[in-house]
Every structure is written in C-alpha cells, then in structure tokens.
C-alpha cells in the first residue's frame, strides 16, 4: 500500500511545481495518469482513497491557494491572476474564490484575514510507515551548536496538553472541532508576514509553520525532565496586529537567548531516523560548563522545532545566564 502513497506524493509534488510555473498542460488528469502508467479512473480512485478527496477538487483548491497569496501580496490585476491559474475569466475566478473563501478577491485584497487554504498534502512518509532508513548514510555535516539572541516576536499557535510527538499531536487535535491539521495549517498558511516563511508549501517545511514545546507547569512531563505543552503555529513580528483565529492563541515572546542544535540537509527517506538520533544525542550530551549559560525551564519559555530536510533540522532551546 505504501507504494501507492509514494505514487500519489509524486502527483502532488508535480501539481505544485506545475501550478507555480503556470503550466496547466502538465496537470491534466490524463498527463498525471500517463506519468504513473495507470488509467485515469484508477489514478483518481487511488488519489481519493489516500487523500480523502477527488483529485480535481484538490487541484482546484491548490490553484486557489496559490492565487489567493498573489491577490494578497502582489500588485497584479485580478484578471491576470485568474488567467495565470487557469481560470477562463475574471468572473469565473471571482465566483470560485468567493465560493471557497466567502469573499471576492478584490475585497480580500483590500481587507485580508485568515482563511483556510488547502495546504499541500503529504501522503508518503517513510518514517510514518515504519520503514526506517535504507542505503548508505549520505550526510557529511554533523550537528552544529551555537547560541543566538532572538528578538521579541509573537507566536500564534494551538496547544495540546496530552500529546506526545508530532503524529500523536495531530491525532488528538483531529478530535477537536476546527483544530485538525488541515484546518489549522490552512489558516496559518493564509497569514502574511510569518517570520520563518521562505515560500515553501509543505506543512512544517518552509511555509513558516513550526512545532514548538512550551515550558508549562500544567503540561506533560517530557524526557528532558520538565513539564511542557506541545504547540503548533507560526512566529510573527512583534508589531503584528492582524486578526487572531478564534481557535488559536497568541503569545508575546520577549527578546531572549537560545541555544541552537542544527543539522544540515539530509536525505529524508534514507537518513531520517539516524539524524533524529544524532540530534537527540547532541542535546543530551551537551555540556554547558564554561559557556556561561544553562537551560532555562521557566514557564512560558519556548523550544522551537524546525524540520525541513532540504535545508536543516534544528531545535532552538531557551537558555539563561548561569
């Protein structure tokens, strides 16, 4: 079954790339099915089985998600944006935009607010399927360790007091109305000005969305020996004054010092587990003696977790002067 997840991931990756390049011919059902070597019927059936929605609906939502960001951020005309993303006219685009987001694109441009975008699905995860790593280790970079001062900012997030790890977090969140991964990730994806947004489209991989662990006396006791609460959200400029979605929390994070454990790019399919172990060992074995710092477990301090195999894997942990 996991092989089909890999095939669907190929379709999803190709669709995103083609949408970015405004290459509508490359994302027809026929072209996608031909690339996989299956019939159109079989391809659409497996896509729905794995993703939970029709391929044509997913493609329409992704086009609108990319288009919304251009409406929000660019000075291009609404008609040009409509045509770039495969809509036949200004009217057709406006109609689809309004049905999906409840507002016309011209109005959204004047008054942008958080809406649920269709973020990129990731149906294939080698680690999730329990396949571990295969082949030779390819990374050459070890874990880099350094101290930084991070300026004051805001952290827009949701939290879960009982979860233990990324997958458990979203499984528990899926039981709470309006707190599931698709809804939360979609809302966060629509927010402009995220500090860690480098233009990526994957959840927790380049679009500014990150996992975090907040030191919290009411949280779950973690392996590091202190209570914490798992969070998911985005860092925003301290002066951010935009709307806060009803199901989210906004925390003011003052300027403070942190220690960063960072691993460079690696082959996710082959190395993920070994890199995770390397990071855990680096954090567990780090000796603060002589640094002038110690780990800071004070309530409210936040550990940020960045996971983007194409760029880095890093933990940003709070410290204080010892």
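Among the residues that make up the range 273-280, is at least one of them over 13 Å from residue 150 (Cβ atoms), surrounded by 14 or more Cβ atoms within 10 Å (Cβ to Cβ), under 20 Å from the mean Cα position of the chain (by Cα) and at pLDDT below 95? Yes, there is a match, as at least one residue in the range 273-280 is over 13 Å from residue 150 (Cβ atoms), surrounded by 14 or more Cβ atoms within 10 Å (Cβ to Cβ), under 20 Å from the mean Cα position of the chain (by Cα) and at pLDDT below 95.
For the range 202-210, the count of residues that are over 18 Å from residue 160 (Cα atoms), surrounded by fewer than 15 Cβ atoms within 10 Å (Cβ to Cβ) and under 20 Å from the mean Cα position of the chain (by Cα) is zero.
Quick check: anything in the range 303-310 assigned to a strand (DSSP E or B), touching a strand residue (DSSP E or B) at 6+ places or on another chain (Cβ under 8 Å) and at pLDDT below 90? Before you say what the answer is, go through the steps one by one.
Just the residues of the range 303-310 that are assigned to a strand (DSSP E or B), to begin with: 303-308.
Going one step further and asking which of them are touching a strand residue (DSSP E or B) at 6+ places or on another chain (Cβ under 8 Å), we end up with 303-308.
Filter once more, so that each one left must be at pLDDT below 90: 307-308.
Taking every residue of the range 303-310 in turn, at least one turns out to be assigned to a strand (DSSP E or B), touching a strand residue (DSSP E or B) at 6+ places or on another chain (Cβ under 8 Å) and at pLDDT below 90.
Picking from 307, 313, 226, which residue would you name as being in contact with a helix residue (DSSP H, G or I) (Cβ under 8 Å, 6 or more places away or on another chain) and farther than 17 Å from residue 151 by Cβ? Checking each option against the conditions leaves just 313.
The values are calculated or read from the model by the stated rules, or taken from the named source; none is laboratory data. Keep in mind the model is a prediction, meaning the values are calculated, not measured. Cβ atoms come from the backbone with ideal geometry, glycine included; neighbour counts cover every protein chain shown.
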